[in-house]
Every structure is written in C-alpha cells, then in structure tokens.
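Computed from the coordinates by the stated procedures, all read-outs in this text should not be read as laboratory data. Everything numeric here is computed off the predicted structure, so don't read it as measured data. No Cβ is skipped: glycine too gets one built from the backbone with ideal geometry, and neighbour counts run over all protein chains shown.
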Amino acid sequence: MKSRTAYLYLLPVLIGFVVFTLGPVLASFYLSFTHYEIGAKPVFIGLGNYRELLQSHLFWQVTGQTFYYALLYVPASVAASLGLALLLEKKIRGLVFFRTVYFLPVVTSMVAAAIIWGWLYNGDIGLLNYLLSIIGISGPKWLQDPKWALPAIAIMSVWKNAGYNMMIFLAGLANIPNDYHEAARLDGASAWERFRKITLPLLSPVMFFVLVITTIGAFQVFEQTYVMTNGGPGTSTLTLSYYIWQTAFEFFNLGSSSALSYLFFLIVLLFTALQFRARKRWVYQA
Amino acid sequence: MKNTAVKRSFRFSLVTRYALLVILAVIMLVPFLWMIVTSLQSPETLVRFPPQFIPRSPRWSNYSEVFDEMPIGTFFFNSVKISVLGTIGELMAASLAAFAFARMQFRGKKIIFGLLLATMMIPFQVTMVPVFIIMRWLGWLDSHASLIVPHFFGGAFASGAFGIFLLRQFFESIPRELEDASRIDGASRFRFFTTILLPLSKPALAVLALFVFMGIWNDLLTPVLFLSTENKMPLTFGLAVLETVQHNFRYDLLMAGTLISVVPILIFYMIAQRWVTDAFLRTGVKG
C-alpha cells in the first residue's frame, strides 16, 4: 500500500526514465547492429557497422582529434579554474564582483559565445589578430586554418567554462580548515610549501571530481563545432560527438551512427574507469 | 624589522593578486564588450582594420534593423515559452520524485535512485537517435511539444536527475515533526507536500528553477534535433542558423541579436548570483 503511493509520486520521472533513457539506450544498442534509414525497417547486419567503422580511416582520425582536443582542453581548463579559485580564496574587497565576472561566460549560451569568438577569431579583421599585431605577432587564420581551428575552439571553451569549475574548487577550498594553514605558517612554511603540502592534498578529491567531469565534457564537445566550424576546415575539427551527429542527421545512416555512439560511450567509460584506477595514486584519503 | 618585511611581502602579494584579478576580469569581459561595440558599428566601420574601438557615431538603429533582418521577436517569444513551461514541468516532476525519495520507504528505492543518478553518465549521443524516432512517432517533430513535454517527465536528456538529487537533500533537512503534526491535524500527505513542504523549500526550488531555466534557454542541441521551421526556433537555434547558413551575414546585426539573447540570462544571474554561489557551496563535492 505504502509502496504504491510512493510510486505514484515517482510516476512522471519513471515514465521519463523508461521512454527517454532506458528504452533509447537499448534501442540504440539494437540499431547499432542494423542498417537503418528513417522510414524504412531496420535490417540486421550483425557487426557490419562496427567492422566498417573500425576499418575506416576517418573514424580513427576523428577519434584521434577527439583525444587531441581533450588533451588541449582538460589541463588548461582545470589549471585556469584552480588559478581563479586560488585568487578568490581569501576574503578580499571586490570578491563578489570578480566571482560574478568570472562566472558570466558560464551563464552565457555556447551559441552566443561561439558567435562572438568566431568574430574575434576572424583572420583578416578580427580583434584577436589586431591585438597580436600590436605586439608584433602575425596571427594565424584561426578557424580557417586546419592546424589552428581545434586549438582555437579549445581556447574559447576554456574561457567559457573556467568559471564553473572555479565554483567547485572554491567550495572545496572553503572546506579546508584554516588551522592547518595557521599551524604550518607558525612552523615557518612558505606559501608555496603550504600550497604543495596542505592545499593540494586536501583538495585532491575535488580535483579528481573536476578532472572526471571535465574529461567527459571535453569528449562531448558539440555546440562549439556546430556553430563555429561544422567540423571543418575539411575534417580538421571533426570530433566523435559531431561525427555521430553528422552520420545520423546529415548522412541519415542511423545504424552506423548508433554503432558510433556505442564506441564513443565505450571510450568515455574506459577513460572514466582509468581515472578511477589511477585515483589511489594521487588522491588523498583522510 | 621582521614585522615590516612581513608587511611588505603581504602588500606585494595583495598587489599581485589584484593585478591578476583585474587582468583576468578584462579577459573575461572583452568578448562581451566587443559584442556591444560591434553591434553599434555601421557596415562600413565594421570592416575597418585596425578596428574602431569606440564607434564614433554609434548606430543604434542596428537594434531595430535586426528585427527586420530576422524574426528575432518570434525567436525571443519561443525561447521564453519553451524555457518557462519546461522549467515548470521539470520542477514539478523533480519535486514529486524528491519527496518520495526523501520521505517514503518503498521497495526498490535504492535501485531506482541509483539508476536515475546513473543516467547522468549516459552521453546524449547514445539516446539521441531513438529519442528522435520517438518524437517522430508521436508526431511532435517541428513542434514545441518535443521541447516542453519531456521536462514534465524529468527531461529527455538526463537533466532531471540533478534536480531530484538537489531537492531530496533539501527536503531531508526539513524536520519530520512538521509532517507528523500536519498528519495528526488530518491533512493528507499530498496536502502536506503542497501547502507546507514546497513553500518551505522556496530557496532550493528557486536555485533549481534558475539552473533549469538557464539550461533550456541556452540549449542548442534539442532544438536543432527536433525543429526545422524558422518561426518555431528559439534564439539559440535562430542565431546559429544565421551564423552558419548566411556566411556573409552582417556581424553588426548578428552581434545585436546575440546581445538580445544574452541580456535576459545575465540579468537573471546577477540578481541570483548569491544563491548560485550558495548552491555550489552547499552541494559541494566531498571526496
């Protein structure tokens, strides 16, 4: 009887879970073994999609580019967020102002950010290259340059997202008892020593969490490429997430796109698992 | 002697700290300022290099012209409609579920809660195609129903779990005696939920509303996935189409449109920034 009332309260969310998550996860698994175009019946082809993907040059190129993007973005993003948080850790005048400003890009839509930065990155008349020219650097064509397009997207994303992890770091820093710092200071420890020996170890669980969610986010990069480059120039900014989209909604190959999405899921899980395994090595446990 | 040295190093570190804070604030703000500056350029001054930093004769007419160039009023209205209704739906679904998790004992409680949290791990790419097929089957493609209705069931792409988690924590912090007292007075459980628990939870609901609203307002993926007609698009989609389809679209007007899309959310955030910070500190992760 009691269970029944509880399930009544849960009903909307449970329906949503079955219809929009559990069902689709299973359906997409089945579809990954089929040839399927919208309107037609899916035709079972076994491992055909997977075989084709793993043998295609483009798949490996796109996977490589996804890793490359994560490698550019994750360390820079985590370092930037930690830096911002450390600067704002102490109670200083103007704290709220700076915190608000650093968080502004987070509340702005990725579309707006991508449009603005697309304009900043303009190779001929963009602000960025003008500023660089003042200090004697002739900037690249950024988004039109296959070599620079992906780093440009990474830089923009760091700007856009740094404030989010900054907040998480700030919460973590607030949990470190001030006494530890005081005691170390009395023992003559320098600021750097206190950072290395107290702040970093005690912050490492938060750091771990931030690292995991930032890596997952980096693998999923989509809206930036959708607005700024459409995967181009050529295929130079094509990452797995966008490639899955393209396969489904530009090439209408839904079976292959499902297989891709499962390979993608597998990669994300594998990376998350690896991070959890490495956890013991560097994360401090009280 | 030692005292002054300490003082000096303290002052130095404070100066460096402020210098860094200001430089970083400038980096964060320049793109926004450049958006404003660009939105006031004329087509001639726009392409000038080196750029004009302060438009000598700001073209305010860009802000009316952008309405002729694209149906930005319609985009805006669509964004408001989808975001407001979606937020209401998600708050309803999440608070009902959170109430069950916080206050009731039932079979499978732990498993269901775990499953809901696990959905946050599933990338949208995996469910995207089947969800699209479901919408097509329901006949909701190219209609706002596809963007709004899922929120009444906790969201199409696993956004709902976070809200349930947040509200459950808040509900648990409200003393049980309150519920016992109201039940003794003869109120039903549902009455307690709507007339006592929800009003007491306003701070948590407000924060969640802000996050959900921002999420929907800023979302590009779902509209791109389900919509195709221009007059149904929200701001994000409309602007993205203009940017990608019309490659030579005038950046002055595009920036005016972008600014119009950004301002409401920035105002919301500045009003609510205290609560946002609070939410981060309270749900802060612990190892």
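Of note:
- For the stretch B:35-49 and the stretch B:109-125, distance of Cα centres in Å: 48
- Residues A:W148, A:W60, ranked from the fewest to the most other C-beta atoms within 10 Å, line up as A:W60, A:W148.
- Inter-chain Cβ neighbour average for residues B:230-239, partner chain, 10 Å: 2
- For the segment B:132-139, counting C-beta atoms of other chains within 10 Å of every residue's C-beta and taking the mean gives 3.
- Order by protection proxy (mean Cβ within 10 Å, highest first), peptides B:166-179, B:215-228, B:66-79, A:45-58: B:215-228, B:66-79, B:166-179, A:45-58
- Amide proton proximity set for A:T34, modelled H, under 5 Å, gap of 5+: A:I45
- Inter-probe distance in nm under a simple model that places probes 7 Å from Cα toward Cβ, at A:T272 and B:V22: 4.4
- Chain A shape via C-alpha gyration tensor axes, a/c threshold 1.5: oblate
- Based on DSSP H segments of at least four residues, each scored -39500 (n - 2.57), the protein assembly as shown has a per-residue ellipticity at 222 nm of -23000 deg cm²/dmol.
- Among the lysines of chain A, pairs at least eight places apart or on separate chains and with Cα atoms under 28 Å apart come to 7.
- Full-extension gain in nm, B:F106 to B:F49, via 0.36 nm per residue minus C-alpha separation: 13.7 nm
- Across the stretch A:59-67, computed HN-Hα scalar couplings (Karplus, 6.51 cos²θ - 1.76 cosθ + 1.60, θ = phi - 60°) run 4, 5, 4, 5, 4, x, 5, 5, 5 Hz from first to last residue, x flagging Gly and Pro.
- Taking every alpha-carbon pair under 8 Å whose residues sit at least 6 apart, chain B reaches a relative contact order of 31 percent.
- If you take the Cα centroid of the stretch A:181-202 and the Cα centroid of the stretch A:115-158, the two points sit 40 Å apart.
- For the stretch A:114-236, the relative contact order comes to 31 percent (Cα pairs under 8 Å, sequence separation of at least 6).
- Summary of the geometry: the stretch A:239-282 and the stretch B:132-157, compared by the centres of their Cα atoms, lie 24 Å apart.
- Within the straight-line cut-off of under 20 Å between alpha carbons, the aspartates and glutamates reachable from B:K81 are B:E90, B:D142, B:D219, B:E230, sequence neighbours fewer than 8 places apart in one chain being disregarded.
- Gyration tensor (alpha-carbon) shape descriptor, chain B, a/c threshold 1.5: oblate
- Packing-based order for B:56-63, B:126-133, using average beta carbon neighbours within 10 Å, highest first: B:126-133, B:56-63
- The Cα-based radius of gyration and maximum Cα-Cα distance (Dmax) for the protein assembly as shown are 25.3, 86 Å.
- Residue-averaged beta-carbon neighbours from other chains (10 angstrom radius) around B:259-269: 3
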